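Structure first, then comments.
The values are calculated or read from the model by the stated rules, or taken from the named source; none is laboratory data. Predicted model, so just to flag it, every value in this text is computed and none were measured. In this analysis, Cβ positions are derived from the backbone assuming ideal geometry, glycine residues included, and neighbour counts consider all displayed protein chains.
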């Protein structure tokens, strides 16, 4: 339990001076759970049932949906995008090389992180994606000219395109597809993109240090790259399912989603939207994902060989200078550092 002090020290860096935001840590080892909460939960809400935005963790759900379609024979990872979106020909082919579903799910399509047009659509810095619509994503891919395929570059619009393709194939909205094909088979009851009245009452609200409320992030055009909310209860169950602590019909699909699909750099690989990280101080790789929105920062990681997983859900409003620190591995967003501290202790 030596990691508890380190968790406390790291969590302290992620709290406001008044400690009125949250850092919530869940750890599972062989199915035995422990929790550590720092900060302030909403009144009358049980911590395990409180909903947080999980940001780019959504991408892993999109990747698992893709894995299931592969298992069902509906698609192949090497299917060219042109097969589904011929109207995007110039944006998805370069020098005779076709962009594939595998490229989109591993950030190796050579696409930019965002559409430059997003900047002109931002009317509220606390809700930057609100006015970026599916039509804007479509316009981007009709006009963009791909310059270099195969290069790793983290891309929200790439995963958003993957999500649009699967919506078309399944003839249903992404939220319904993730619910039917991923969440329901795993028993996840509170992992959603839209909130009922009950869930809204259980949502943890994020605030700035000046106690200004940060609105719920509205995502339309890049849904699939983000958009989900979840609870600690659901995220722990999700992590345990990926560890294989319990089996479902989806277990082989989850296993497939963890397989290396692309090399990124030394000691860093990609599964289907999962990061696979090898570190010198750990015998086995960490398979992980994380999310950052305007007011929420989240992490889910697992070491399968140790049967151990970590989930961190937190609220914190980042200023631009703090974003730079986070990109340098410092600053107040401590989610992934907490995960690594736990894994180093086992």
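Go through 43, 34, 6 for me and flag whichever is surrounded by fewer than 21 Cβ atoms within 10 Å (Cβ to Cβ) and part of a helix (DSSP H, G or I).
Working: 43 fails: part of a helix (DSSP H, G or I); 34 fails: part of a helix (DSSP H, G or I).
When all the criteria are applied, what remains is 6.
Within the set 234, 281, the sole residue that is surrounded by fewer than 24 Cβ atoms within 10 Å (Cβ to Cβ) and either at negative phi or assigned to a loop (DSSP other than H, G, I, E, B) (or both) turns out to be 281.
A quick yes/no check of all residues on (1) in a loop (DSSP other than H, G, I, E, B); (2) modelled with pLDDT under 90:
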{"site": "67", "(1), (2)": "no, no"}
{"site": "76", "(1), (2)": "yes, no"}
{"site": "82", "(1), (2)": "no, no"}
{"site": "89", "(1), (2)": "no, yes"}
{"site": "111", "(1), (2)": "yes, no"}
{"site": "124", "(1), (2)": "yes, yes"}
{"site": "146", "(1), (2)": "yes, yes"}
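Just to verify a result, which residue in segment 165-180, among those that are outside any loop (DSSP other than H, G, I, E, B) and more than 17 Å from the chain's Cα centre (by Cα), is surrounded by the fewest Cβ atoms within 10 Å (Cβ to Cβ)?
First, pick out the residues of segment 165-180 that are outside any loop (DSSP other than H, G, I, E, B): 165-170, 174-180.
Checking the rest, the ones that are also more than 17 Å from the chain's Cα centre (by Cα) come to 165-170, 176, 180.
On the way: 165: 21, 166: 24, 167: 19, 168: 11, 169: 13, 170: 16, 176: 13, 180: 13.
This residue is 168.
Every condition in (1) exposed (fewer than 13 other Cβ atoms within 10 Å of the Cβ); (2) at positive phi holds for residue 244 except the one numbered (1).
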